[in-house]
1. Taking a temperature of 10 °C and a viscosity of 1.306 mPa s, what whole-number D in µm²/s does Stokes-Einstein yield for the range 261-389 with Rh from Kirkwood over alpha carbon pairs?
2. Distances over 19 Å make up what percent of all Cα-Cα pairs in the range 1-136?
3. Below 13 angstrom from the Cβ of Val74, what's the summed charge of the other residues (Lys, Arg +1; Asp, Glu -1)?
4. Counting only Cα, what are the radius of gyration and maximum Cα-Cα distance Dmax of the range 161-318, in Å?
5. Name the residue farthest towards the positive end of the dipole of the chain from the options Pro213, Val314, Ala61, assuming +1 on Cβ of Lys and Arg, -1 on Cβ of Asp and Glu, about the Cα centre.
6. Do me a favour and compute the ellipsoid semi-axes for the range 193-243 from its Cα gyration tensor, root of five times each eigenvalue, largest one first, whole Å.
7. Nearest 10 degrees, 0 to 90: what angle lies between the long axis of helix 50-59 and the longest principal axis of the chain (Cα atoms)?
8. Using the charge dipole of the range 231-322 (Lys, Arg: +1 at Cβ; Asp, Glu: -1 at Cβ; taken about the Cα centre), state which of Pro258, Asn240, Trp286 has its Cα farthest towards the positive end.
Amino acid sequence: MRKRAVVVITEGAPLGVLREFIDAGFLPGFAALFQQSAWGELASHVVPYEPPGLMTAFTGAPSSEHRWYSYWTVHERDHKPRVLTSNDLRVKPFWMRPEYADTHFSIINVLGTHPPIAIPGELISYPMGQTLKASYPSDLLASLLKQDLPYTHDVSTWYKGQPKNDFVSRVVDADRRRVALARHFYETGSDVVIVNLTSIDRTCHYYWQELEPCSPVPRSESAILAAFQCADELIQSLLNSLDQQTTLLVFSEIGFGPLRNYISVNEFLAKAGLLAWKNPGTEVDWTRTVAAEAVQGTSGININLAGRYDNGTVQKQDYERVRSETAAVLREAVNRYTGRNLFSAVVQREDVYEGAGVEYAPDLILFPEDHRYLPLGDPVWALHVNRPLQSGWHRDHSYWAMAGPATSPGERLETASLLQILPTIEYALGRDGESKHPPLFAESPVGV
């Protein structure tokens, strides 16, 4: 019999909240998973964000190699970030590699898969806009609908300030449809099923306040618990049906925590004379600007370098000086809400990332001193996706758990790396990968 793997991504699940819900008896599936599996902490990407985290997990390469630092490009000649697509990956995820041509994959809602590309199996992509072309084969969604297996894309469930019950029911229902498809593909014999559940992330963004100490909402009625329980249904079902040839891997590429405010770093740059506004707070005048915030998710600053941008104002010979001056300004920035430094560190990109794709990262990387107060990011995209409405945001560290023939139950004390996800899947499939990183359940996991 062929070895098989089922990978469930519970995007945005914080380990502390997960353990609290387990201890309260809300999540019998997760409780059984942690009892039966090897498990431990999993470090996030350098900047905790879904796209670079998942692409690192499934390519086995860091951002500086696959070149994804956000949902969007970091540097465009006109300063308008472009949505990244599957064609932008410089390291392909393992389901697109020739050595896996004999493996049947079922991929559901994973970032970096749109537009869909032919794979050995079926794929439902993760589009960032409305489209009728979001699957391979192209008629897959229509075929599934005829089997009473409808599907809803994430882009159709975006939060726009609607009432809680309307929003939560829609995002949880979308995940339930993914759960049904994951079960379907597993039961029909797919070698590798990978499903990305997103309702935990979505509810944590907009209803984290329900977990705060003074919240009037009981835990049993929280939006976040409803999302966890949807994932719990799938995990419980899979655990009850695992055979001796199948490994179940569950993880989240990001954790979560409270958010108080986003802070426009551009305002600090403007006060220092490094940025000029066309429309204060919303539109930058690039002809009079030398530094500005990069797109959200990168926690970075771009230097307006001549040649890289059509209206660049910083000449190549002045780049290092301007970058150092900009970093010095931001190291002195004070958070008006706390009276403390806004950043614990402001670091040059080459001191954070290594590899041929470093030039695709922001010029400076910002590390917040208090993660409740985060950089707003490029104002155009930040306002477009309703960032100011959020009460929670990503944190470093979440969890991984793995049940099946390859592991023995027990907590692993070391913090594992996203670079260990692919070697773990390869091990579960009985394949000798070329990765220099050990599987997650190894005695000495690598660092971040």
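1. My calculation gives 107 µm²/s for D.
2. That fraction is 60 percent.
3. 0
4. 22.9, 64
5. Sorting the options by dipole projection puts first Val314.
6. Working through the eigenvalues yields semi-axes of 27, 13, 6 Å.
7. Between the helix axis and the principal axis of the chain, the angle is about 50 degrees.
8. The residue sitting most towards the positive pole is Trp286.
Each reported figure results from applying straightforward, stated rules to the coordinates on display, with no laboratory input. Treat the numbers as computed from the prediction; the structure is a model and nothing was measured. Glycine also receives a Cβ, built like all others from the backbone with ideal geometry; neighbour counts cover every protein chain displayed.
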